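First comes the structure, then the notes that go with it.
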Amino acid sequence: MKHRVRAATLAAAALALAACSTTAPTASGGGGGDDVETGNGVTADGITIGMITDLSGPFAAGAAVQVTETQAYWDQVNADGGICDRDVTVDVQDHGYDPQRAVTLYRSMAPDVIALQQVLGGPTSAAVLPLAEQDSVYVGGVGWAGSALAYENNQLPGASNAIQAANAIDYMVDELDVPEGSTVGVVYFTGDYGGDALAGAEHAAEERGLEILAQEITPATTDLSAQASALAQADVAGVVLAAAPTQLASLAGVLSSQGADVPIIGMNPTFNPSLLTTPAADALLANAYSMTSVSPYDNPDSPGVQEANELYASADPAGATGWEVPLAYVQAELLRQALEGACESGDLTPEGVVAAFRDGGEVDTEGVLPDGLDYSQVGQSPTTTVFVSKVSADAEAGLELLDQVSGPSAESFSYGG
């Protein structure tokens with residue numbers, strides 16, 4: 001990753017534009033003096049990308065960090081000459097974790113963006129992806145739902161939720177001494193995010209000789225006393241959580257108060273460092289782990305993570321930190337590589353961006369995502385490797401990286417086809 005750090009500030013979110021339509025590509029001057037074909041979101045001197053995120057719902061804190069890092073990244077790209085001799089503008093919109101709102105925003109933005117760097121969240125991305133596929137619009141950063149893998153236009157930033165959850169079960173058995181025959185709880189949001197995680201956990205439990213006690217909740221469920229009581233009464237040996245930080249704090253706190261001293265492994269978005277200032281901090285420090293597709297913030301061995309963190313610190317020195325910093329950076333990096341590939345092929349259209357990332361071979365992110373990402377096979381997770389971290393008061397942003405793992409159940413899981 002060649003971009004150097006400079007000071008940047010978060011631009012205000014642009015207003016959503018005209019209703020959804022498509023325009024025919026036109027010929028325009030491209031990088032290196034060559035002509036390129038252009039389409040939606042591209043002018044002679046500019047490229048517009050979109051970001052439909054959650055600035056007012058359950059993932060608002062982490063989403064705000066991602067917006068800051070995203071704007072700083074593209075500001076730096078523009079300072080280095082842009083993409084295809086054009087400056088990149090980011091149109092940021094807030095769906096509040098409402099799928100219908102996400103659809104409305106997409107329809108208003110689609111005529112004026114070449115790609116969507118992110119549609120945050122499983123249910124919101126599930127609502128947008130069919131429309132984006134019809135328009136051949138690249139969509140990245142969609143919350144790791146397995147359903148997104150069926151779309152050729154989607155570039156998942158790392159392992160899917162099912163792969164994460166299967167790895168969580170494998171890790172409990174192989175590293176946390178959860179014995180065969182035990183019951184493991186799965187607490188999960190209704191919808192694509194939680195459903196996908198449950199599928200992976202159920203597959204792994206069958207492979208490893210465990211029983212699953214499933215507890216379905218919604219994002220509005222902020223008090224998990226009932227779920228924790230059910231898990232404690234079942235004497236679970238561990239818990240997989242596919243929810244948000246609020247639910248992690250509640251679950252860990254209640255389980256601890258009931259004397260259930262068991263590991264809780266949360267999927268990608270469940271941990272936020274602000275939780276260590278809550279009454280649940282001791283319970284989290286004792287038993288909470290994080291299974292993520294992207295490296296945590298505290299990873300001195302990854303050049304990509306270090307560059308991402310330096311860029312964020314320059315953009316917002318007093319800003320909240322977390323694993324969302326390298327996530328936003330790598331989402332932008334994946335899209336940059338696709339845009340540059342489209343420019344080099346002479347097809348700077350939405351269709352050209354999709355073709356560029358699918359034909360690009362293995363992707364290197366310098367340790368932000370696992371090595372060897374493969375986007376050539378539609379329908380399958382680009383990797384089975386994930387990062388395992390422990391909640392820690394000593395680690396910057398609250399997660400201490402323990403290992404990268406690819407467990408046997410994760411490797412044997414398949415979405416079919």
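The values are calculated or read from the model by the stated rules, or taken from the named source; none is laboratory data. As the structure is a computational prediction, the values presented were derived from the model and not from experiment. Cβ atoms come from the backbone with ideal geometry, glycine included; neighbour counts cover every protein chain shown.
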Residues satisfying the stated conditions in the stretch 247-280, i.e. over 22 Å from residue 396 (Cβ atoms) and not in a helix (DSSP H, G or I): 258, 259, 260, 261, 262, 263, 279
Criterion: out of contact with any helix residue (DSSP H, G or I) (no Cβ under 7 Å at 6 or more places or on another chain) and of a type in the set (A, V, I, L, M) - qualifying residue of 318, 260: 318
Conditions (1) in a helix (DSSP H, G or I); (2) more than 19 Å from residue 137 (Cα to Cα); number of the one not met by residue 384: (1)
Flag if residue 240 is surrounded by 20 or more Cβ atoms within 10 Å (Cβ to Cβ) and either aromatic (Phe, Trp, Tyr) or in a strand (DSSP E or B) (or both): yes
Matching residues, the stretch 364-389, being within 26 Å of residue 40 (Cα to Cα) and either buried (at least 20 other Cβ atoms within 10 Å of the Cβ) or at pLDDT 90 or above (or both): 375, 378
Candidates 311, 327, filtered to the one that is at pLDDT below 95, in the same structural domain as residue 75 (by TED's automatic domain parsing) and touching an Asp or Glu at 6+ places or on another chain (Cβ under 9 Å): 327
Qualifying positions in the stretch 309-335 - over 13 Å from residue 67 (Cβ atoms) and among the hydrophobic types (A, V, I, L, M, F, W, C): 311, 313, 318, 323, 330, 334, 335
Options 57, 96, 81; residue that is assigned to a loop (DSSP other than H, G, I, E, B) and either without any contact (Cβ under 8 Å) to a residue 24 or more places away in the chain or over 25 Å from residue 197 (Cα atoms) (or both): 81
Check on residue 171, free of Cβ contacts under 8 Å to residues at least 60 places away in the same chain, in contact with an Asp or Glu (Cβ under 9 Å, 6 or more places away or on another chain) and among the aromatic types (Phe, Trp, Tyr): no
Residues (free of Cβ contacts under 8 Å to residues at least 40 places away in the same chain, in contact with a strand residue (DSSP E or B) (Cβ under 9 Å, 6 or more places away or on another chain) and within 17 Å of residue 188 (Cα to Cα)) located in the stretch 248-268: 252, 255, 264, 266
Which listed residue is in contact with a helix residue (DSSP H, G or I) (Cβ under 9 Å, 6 or more places away or on another chain) and at positive phi, from 361, 346: 346
